[in-house]
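Below you'll find the structure, written out as structure tokens, and then a few comments.
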Amino acid sequence: MKTNAINVDVLCVGHASYDLIFSVTHHPGDDEKIFATALMGCGGGPAANAAVTVARLGFKAAFAGYLGHDVYGDSHVQELINEGVNTDLVVRGLSPTPLSTILVKPDGKRALINYKGDTQPLAANAIDFSAINAKVVLFDGHEPEISVPLAEMAHKHGIPTVLDAGSLHKGTSALMDKVDYLACSEKFAQQVSGDIETALMQLAGLSPNVIITLGEHGLTWQRGQERGTVPAFPVKAVDTTGAGDAFHGALAAAVACGMGWQDTLRYASAAGALCCTKTGARPGLPSKKGLEALFPPPTPNRD
């Protein structure tokens, strides 16, 4: 698959799905039938949501990944186009668009069911990235065959890379020592070592910038021998779906514009917090205006 030159601030590579979000009073037990109080359908997936976040924050974004030639894939592609995300690197095929069913309780806690059918990760030669010109490349690890060589190419050209490490699997394992910014979930850190502090130390040996997000408890980070924490922004959580995606998209955007380290962490944290205030990942992804209301624009890093 070849394309014309694409100039963007952030290229997001990885998973796209379609989300069906049911609002429920509680998560059902065995053999229990419940009724949803609301239903929403929208595009989803870590890398796709990150791309939308980047675009909503006023930056240029592109998404590279797979969507099927079905009603869910058609809807998602149109959503990306409507959001201003470049879709020239989206591969379409006969395998189904991954589908996620999400049950969200009033307190924002969620349960997920994912379906991929026979959809497989894209082959290494599925996308030609030679014409891409990106300031930052973000990976979510769900397309390892195209991501690993792209990460290596980005490194050779001095392009910063970010990994959204939500859980430990083949894709994140292959990329965790190849990126400049390793942004991990608490789950990922626990899978690595079982202890956050130990994981932080171990991961800092793999990547120069390591962040472990801790939900309502904020985040912890390490750069070389320097460590620190950042508290979470206080918001009333309605649905935590997509908060990590918003965080990673804003993180990549902040790196692309040369924001200072502490401002980058706060900027990304504010984006993740805002996403929790609405039902559904895609509807909750913050706008530039919304984020600036919570976290005023910082001064670019001039170091």
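Read-outs: derived from the displayed coordinates by stated rules, not from any lab. Not measured: the values here are computed from a predicted model. Virtual Cβ from ideal backbone geometry, glycine too; neighbours counted across all protein chains shown.
This ranking places D88, D195, D9, D164 by how few other beta-carbon atoms lie within 10 Å of each, fewest first, which gives D195, D88, D9, D164.
Put a dot 7 Å past the Cα of E32, heading toward its Cβ, do the same for K116, and the two dots end up 3.0 nm apart.
Which of L150, L67, L89 comes first, and how do the rest follow, when ranked by fewest Cβ neighbours within 10 Å? Don't skip to the end; give the middle numbers.
Details: L150 25, L67 29, L89 22.
Exposure proxy ranking, most exposed first: L89, L150, L67.
For segment 163-303, the spread of Cα positions along the three principal axes, ordered from largest to smallest, is 37, 36, 24 Å. Given R0 = 45 Å, the distance between the Cβ atoms of Q191 and A5 translates into a calculated FRET efficiency of 0.70. Once the gyration tensor of the Cα atoms in segment 40-101 is diagonalised, the equivalent ellipsoid follows with semi-axes of 19, 12, 9 Å, ordered largest first.
If the viscosity is 0.692 mPa s and the temperature 37 °C, what Stokes-Einstein diffusion coefficient in µm²/s follows for segment 12-293 when Rh is the Kirkwood radius over Cα pairs? Mind showing how you got there, number by number?
Values: Rh = 18.8 Å.
In µm²/s, the coefficient is 175.
Simple spin-label estimate for R227 and S173 gives 2.7 nm between the two label positions (7 Å along the Cα-to-Cβ direction from each Cα). For the pair A123 and T25, the difference between a 0.36 nm per residue extended length and the Cα-Cα distance amounts to 31.1 nm. Listed by Cβ neighbour count within 10 Å, with the fewest neighbours leading, E79, E152, E32 appear as E32, E152, E79.
Report the full-extension gain for the segment H217 to W261: residue separation times 0.36 nm, less the Cα-Cα distance, to one decimal in nm. Walk me through the numbers on the way to the answer.
On the way: separation 44, 0.36 × 44 = 15.84 nm, distance 1.92 nm.
Length gained, H217 through W261: 13.9 nm.
The lysines whose alpha-carbon is closer than 21 Å to the alpha-carbon of K33, local same-chain residues fewer than 8 away aside, are K105, K109.
Checking the a/c ratio against 1.5 first, then a/b against b/c, what shape does the Cα gyration tensor give for segment 70-158?
Details: a/c = 1.78, a/b = 1.62, b/c = 1.10.
Verdict is prolate for segment 70-158.
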